[in-house]
Structures are given as structure tokens and as C-alpha cells.
Amino acid sequence: MPVSTAPPAAPTAYADFDALRRHDPEIAEVVLGELGRQSDSLQLIAAENFTSPAVLAALGSPLANKYAEGYPGARHHGGCELVDAAERMAVERATTLFGAEHANVQSHSGSSAVLAAYAALLKPGDTVLAMGLPYGGHLTHGSPANFSGRWFDFVGYGVEAESGLIDYDQVYTLARQHRPKAIVCGSISYPRHPDYAVFREIADDVGAYLIVDAAHPMGLIAGGAAPSPVPYADVVCATTHKVLRGPRGGMILCGSELAERIDRAVFPFTQGGAQMHTIAAKAVAFGEAAAPAFAAYAHQVVANARVLADELEAEGFAVLTGGTDTHLISADPAPLGVDGKAARGRLAAAGLVLDTCALPYGDGRGIRLGTAAITTQGMGEAEMPRVAALFTAAMREEGEGARKVRAEVRALAGRFPPYPG
Ligand SMILES: *Cc1c(COP(=O)(O)O)cnc(C)c1O
């Protein structure tokens, strides 16, 4: 049954664009233009979502003015009593929501959270085993363009050619061969649940830390729609803005024995002053994620992705791993005669906004999309066949036909406004 989970109408404090228009018309034009763009096209980028008006209100609040280096009760600045309360609430809500002993909610982003996890557990030159970038590893999992690839010795595991699933035998073999100090489990495009118990076993076998980078599934985990890595991992890193639907930012969960090392790795080792408006907004998001409506949302996100994956396969896309367990779909459009880059361009012209992704065993690139944002707008399984049909139409039509597809996408988006009113 499709569940309506559209956010409530925006409060006037957040929607006071008239004042911004008078004060800075140029930036107001960008802000309102972007609101229009987000409202009249479909946001299928797997990492994006529509955060609630309450989260936006906290982000746009005077907490943005406050300097607060350190942690609640131990700050380097005066006047932190109120922001301390916000951070304590964020930590308390995060530990309760995810069943963790400790939470650090100060990381400015998912990448900063991963950087802090490495800083807490590793020394430069240590060996780390993570999913290779061609298979869906993140930049922070050993890309030569990133600090991780420069400072650590990364070894990459992959997926099985046939099934597209993580090759656990290979993970085990590489772990025994390279004796990594840490194993990283997490991906930007893997659409299935990793087997955290198996990763734990392998890590224990070689005496490695297990770091789970749950940036993508954290919201599904919060809503009980994906298994939790918390009982298995030494450290869980995540973003708060993807399916979790909070402000842009990061978080780290760990057991009490690593709490102090993690906290010191975030501040003062890799960051300065905490962003207290964002931390208050994280607290709001954790509060929202604890409500039964969010569990319904998380399950609907997965139900929508399952139907959309099936429908895209029926339209001719080669869906990696044959489907999804999550909000994420990775697919190769080659059977339709285009590669991922061309597909992204054609889809964007139709108002279907998504990313390309690496293809583990194909030529060129694939496409990667997710259902987090369109589900927040209130779309259910009933809308997914229509979305898939618009995909194929966008790939085929040109000229007048393409303009018609764009108008149809606009009409569909218009029926599900992300910020009604
Ligand atoms: C999104 C993501 C990150 C980084 O998050 P940012 O907030 O963009 O820095 C890290 N790891 C994984 C697996 C991700 O999907």
C-alpha cells in the first residue's frame, strides 16, 4: 500500500523568500530557480532527498552564528549552554535510534567522517582492504585523487562477474594475503545488503578493524528497512543527508571503548568548530527518523526501488545484480544503444536527473539512481511503471517528441510537490 510521507507544508519562517528577494535579488533568483528545478523535474540522484521544513528551519537559524569548538560541557568558547543542549540531544537521539554506545555528530560530511575513522584507527602507510572503485568504492576508499589513496595502502575487492554480488571468497583471500589493519565495507552503488556478519568474521580472522561506511543505507537502517551494521562494526560512518533525510553532514557510531579516539579524531585532529545549526538539524532529523511514519517511508523507498528496477529491466535496461534490496538501482543502458553518459544527458533533458556510475565488467559507464526523493514526494509503487516508461521515451524521442516527454515529466512531478505551498 503506498504510504503518503510528503513533508508538511513549509512554515513561513523558512519560506520568507520575499525578504531575500528584496535584500539580494541575484541570489534570490538562484534559490527560487533551484526550488523550481527541484519541483518540476524528478530528483533520482541516489544520494539526494528532500529534507523537511523543520530541518531547513534549524539550518537557517541563529545557531549558524555560534562558535563551539570541543564537545558539550568542554568547549573552548563561552555561551555554549544552549548549543550544548542541541548536541546532547543529537547524540542521545542517534545512539537510541541506531542502538549504538557512542555517537559523534560533528563530522561536516560523509567524507570527513571516514577521514576521522581512519585517523582514529590507522597510521599513514597502513594497509586497508575496501571495495575497489570500479566496483562501487567511494573516493575515500583509496582513490589516488583522495587523501585515502595517498596516505594508506589500499587493496580493492570486487564483485562476482556473473551475479554482481560481493565476492566474499575474494575478500577473505585478500584479507589473509595482505593482513590489512582495517576492512571497509560500503559503496556508492552496490544495491544489495552487505553481509556484515561475514565481514566481521573475516576482520576477526586477520585481526583487522571493521569500518562500515553506511552513507547510503543509513536512513533505511533507521527505518528498519535494511539490516544494521552496528552490532558488527567497530566504527560505522554515515551521512545524514541521503535516505536519512537530514541536513548535509556526517556522523560516526562506535562502541564506548573507541569513543574517545573517535571524538579526538574529529576534533581537534581533522576539524575545527562544530557547525551547531547543522547539529541541531541532525537532532531534528533523528527525531523524525524515530517516528513510525519514517519506518513506513523507508519501507516504501525499497518497495518503489524494487518495482522501478523490474520495470526498467522490462524496458530493456540491464539492471546490475538483477534488482535491488535498497533505494539504489545501478543499470547498464547499453541494450538500448547508448552508454551511461549519453543516457544521463538525454534523461536530464527530459527532467529525469540522475548520475552515471562505473560498470564492474562493462564498457563505458552505467546509470545510478535512487527512490529516496521521489518517495518523500509521496510517489508509490503505482507511479513506478510510469517513471520507467518515461525513461525509455526520453532515450528514444527527439525534437517534438522529446519536448512532449519533458512536459509529461513536469506534469508527473507537479502532482507530487516536494514542498506544497
Ligand atoms: C556519499 C558517500 C560518502 C561521502 O559523503 P559526502 O557527504 O559527500 O562527503 C562517503 N562514502 C560513501 C559510501 C558515500 O556514498
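Number of Lys-Lys pairs in the chain under 24 Å by Cα, sequence gap 8 or more or different chains?
Numbers: 66/282; 123/181; 242/282; 242/341; 341/404.
Close lysine pairs under the 24 Å cut-off: 5.
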Checking 174, 354, 210 against a Gaussian network model of the chain (alpha-carbon springs below 10 Å), the top fluctuating residue turns out to be 174
What residues qualify as long-range amide H neighbours of residue 142, i.e. H under 5 Å apart, gap of 5 or more or another chain, H built at 1.01 Å from N?
-> 148, 149
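Pop out the carbon and sulfur fraction of the accessible area of region 282-382 as a percent, whole number, probe 1.4 Å.
Numbers: 1670 of 3200 Å².
Here carbon and sulfur together make up 52 percent of the probe-accessible area.
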Per-selection metrics, region 62-289 (Cα): Rg and Dmax in Å | 17.2, 59
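Given the DSSP H assignment, sum -39500 (n - 2.57) over each helix run of at least 4 residues in the chain and divide by its residue total; what's the result at 222 nm in deg cm²/dmol, nearest 500?
Values: 16 runs with 182 residues, N = 421.
For the chain, the value works out to -13000 deg cm²/dmol.
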Highest-fluctuation residue, 36, 224, 316 considered, GNM on the chain with Cα pairs under 10 Å | 36
Report ³J(HN,Hα) in whole Hz for each residue of region 312-326, in order, from the Karplus equation J = 6.51 cos²θ - 1.76 cosθ + 1.60 where θ = phi - 60°; Gly and Pro get x.
-> 5, 5, 4, 7, x, 6, 8, 7, 5, 6, x, x, 7, 10, 10
Excluding residue 341 itself, calculate the net charge of residues whose Cβ lies under 13 Å from the Cβ of residue 341, where each Lys or Arg counts +1 and each Asp or Glu counts -1.
-> 0
How high is the relative contact order of region 292-415, in percent, counting Cα pairs under 8 Å that sit 6 or more residues apart?
-> 26 percent
Show the residues, 5+ positions off or on another chain, whose built amide H is closer than 5 Å to the amide H of residue 157.
-> 130, 131, 132
Among 78, 323, 158, residue whose mean-square fluctuation peaks in a GNM of the chain (springs only between Cα atoms under 10 Å) | 78
Kindly write out, for region 90-107 in residue order, the coupling ³J(HN,Hα) from the Karplus curve 6.51 cos²θ - 1.76 cosθ + 1.60 (θ = phi - 60°), rounded to whole Hz, with x marking Gly and Pro.
-> 4, 5, 4, 5, 5, 5, 5, 4, 9, x, 9, 6, 9, 10, 10, 10, 8, 4
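Top to bottom by accessible area (1.4 Å), largest first, where do 135, 297, 232 land? If you can, show how the numbers build up before the last one.
Values: 135 60, 297 0, 232 85 Å².
Sorted by accessible area, descending: 232, 135, 297.
From largest accessible area down, sort 336, 412; use a 1.4 Å probe on the protein chains. Mind dumping the intermediate values first?
Numbers: 336 45, 412 10 Å².
Largest accessible area first, the list is 336, 412.
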What fraction, in whole percent, of alpha-carbon pairs in the chain exceed 28 Å separation?
-> 50 percent
Cα centroid distance between region 336-356 and region 24-76, in Å?
-> 27 Å
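Please arrange 403, 365 by accessible surface area, largest first, computed with a 1.4 Å probe and ligands excluded.
Values: 403 150, 365 95 Å².
The most accessible residue leads, giving 403, 365.
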Please report the relative contact order for the chain, taking Cα pairs under 8 Å with a sequence separation of at least 6, and give it as a percent rounded to a whole number.
-> 25 percent
Euclidean distance of C-alpha centroids, region 359-421 and region 133-149, integer Å | 29 Å
Using Cα pairs under 8 angstrom and six or more residues apart, how large is the relative contact order of region 135-210, in percent?
-> 29 percent
Note, region 119-134: 3J(HN,Hα) by Karplus (6.51, -1.76, 1.60, θ = phi - 60°), whole Hz, Gly/Pro = x, goes 4, 6, 10, 10, 10, x, x, 5, 8, 10, 9, 9, 4, x, 4, x
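The values are calculated or read from the model by the stated rules, or taken from the named source; none is laboratory data. These figures come from a predicted structure and were not determined experimentally. Every residue, glycine among them, receives a Cβ derived from its backbone with ideal geometry; neighbour counts consider all protein chains shown. Just so you know, the surface numbers come from the protein's heavy atoms only, side chains and all, with ligands and any DNA or RNA stripped out. Shrake-Rupley method; radii C 1.70, N 1.55, O 1.52, S 1.80 Å.
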